[in-house]
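The values are calculated or read from the model by the stated rules, or taken from the named source; none is laboratory data. Because the structure is predicted, anything quoted here is derived from the model rather than measured. Please note: Cβ atoms are built from the backbone with ideal geometry, for glycine as well, and neighbour counts cover all protein chains shown.
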Amino acid sequence: MKFKSLILALAFAPAALVAAERNDVPSCYAQAKIENFRSAPSGRLLTVVVDQTTPLTPDLQKTAWGHIKRFIQPGDKLRLYSFSAYLEGHYTRLQFAGELEKPIDPAVLGDVPMMASRKFDACLKGQSAALYQRFGKAFSNAMGKSSSDIPRSEILFSLKSIGDDIKNAEGVNERVILLMSDMLEYSDFGSFYTNNGIREINPAVELAKVEKQQLLADFSGARVYVHGAAFVPTQIKNGYRSGKMIQNLEGFWRRYFEKSNAELKGFGNPELTIAVE
């Protein structure tokens with residue numbers, strides 16, 4: 001093929017053929033060289049988002065880890081983002097992206113060379129451990145850098161960017177977001193803090209400010225679970241949270257996600273007590 005023809009062919013080729021999606025977990029199908037027998041993924045993507053201005057307690061971090069491990073099944077994709085302010089080392093970052101592959105479909109197993117099949121099975125047995133080891137390291141690193149001393153949380157800008165990412169994820173038709181944040185300081189133009197405490201808000205008024213700044217996102221119908229809402233470290237004075245404050249905070253975010261093509265399924269204040277599904 002001539003060079004000019006090759007360039008034209010690549011220009012009209014599907015994106016997946018030009019640049020593969022990031023995957024931090026080695027593919028067992030690729031390792032066994034049987035990618036033509038690859039089982040279709042589940043179509044599910046769990047996106048974990050860590051707000052590094054919210055230093056959650058070890059117990060809350062452990063609870064989040066349990067939600068993640070219970071959710072992930074063979075064929076699922078898992079991503080981890082962290083964000084806080086637009087400061088060096090604290091901007092929005094994709095910390096991990098991986099996939100847990102499905103076994104070979106029994107309907108085609110007889111067509112797979114025996115040695116390749118054995119190599120694949122041996123690899124697949126260790127793939128889950130490899131995924132959680134690499135994800136766990138990235139998760140621990142993201143949580144370890146969390147601090148209430150970081151000046152401003154840019155949650156709206158970050159969520160908009162993350163929404164664009166997950167909307168374009170390959171082979172995904174079911175999106176779930178686990179958002180770990182106090183949900184209080186959402187932008188440089190807005191915060192639910194006052195005098196180191198939490199102020200009462202009017203959800204409709206606050207949402208109008210967000211719409212004016214054109215900071216609604218598109219989460220492609222994702223189900224959203226919040227873990228850590230209204231969390232205030234014990235050393236912070238004026239950290240009292242009334243039921244009305246929590247109700248208004250949840251009301252604001254519920255409306256925000258509805259207008260951003262998502263559904264708020266769980267709002268842990270601070271601990272998420274329902275299953276992520």
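A few notes on this one:
- Those residues of the stretch 258-267 which are out of contact with any helix residue (DSSP H, G or I) (no Cβ under 9 Å at 6 or more places or on another chain) and part of a strand (DSSP E or B), in sequence order: 265, 266
- Of everything in the stretch 189-238 that is of a type in the set (D, E, K, R) and surrounded by 11 or more Cβ atoms within 10 Å (Cβ to Cβ), the residue that is modelled with the lowest pLDDT is 199.
- Test: residue 95 is under 13 Å from the mean Cα position of the chain (by Cα), surrounded by fewer than 21 Cβ atoms within 10 Å (Cβ to Cβ) and either outside any strand (DSSP E or B) or not β-branched (Val, Ile, Thr) (or both): yes
- Filter result (charged (D, E, K, R) and modelled with pLDDT of 95 or more) within the stretch 40-82: 44, 59, 62, 69, 70, 76, 77, 79
- Of the listed requirements (1) within 20 Å of the chain's Cα centre (by Cα); (2) at pLDDT 95 or above, residue 124 misses just one: (1).
- Hits in the stretch 19-39 - residues which are exposed (fewer than 10 other Cβ atoms within 10 Å of the Cβ) and either assigned to a helix (DSSP H, G or I) or at pLDDT 95 or above (or both): 36
- Test for residue 137: is it at pLDDT 95 or above and basic (Lys, Arg): yes
- Residue selected from the stretch 101-121 under the condition of a type outside the set (Gly, Ala, Ser) and assigned to a helix (DSSP H, G or I), by the criterion surrounded by the most Cβ atoms within 10 Å (Cβ to Cβ): 120
- Test: residue 255 is of a type outside the set (S, T, N, Q), in a helix (DSSP H, G or I), surrounded by fewer than 20 Cβ atoms within 10 Å (Cβ to Cβ) and modelled with pLDDT of 95 or more: yes
- Restricting attention to the stretch 40-64, the residues that are outside any helix (DSSP H, G or I), within 10 Å of residue 143 (Cα to Cα) and not hydrophobic (A, V, I, L, M, F, W, C) total 6.
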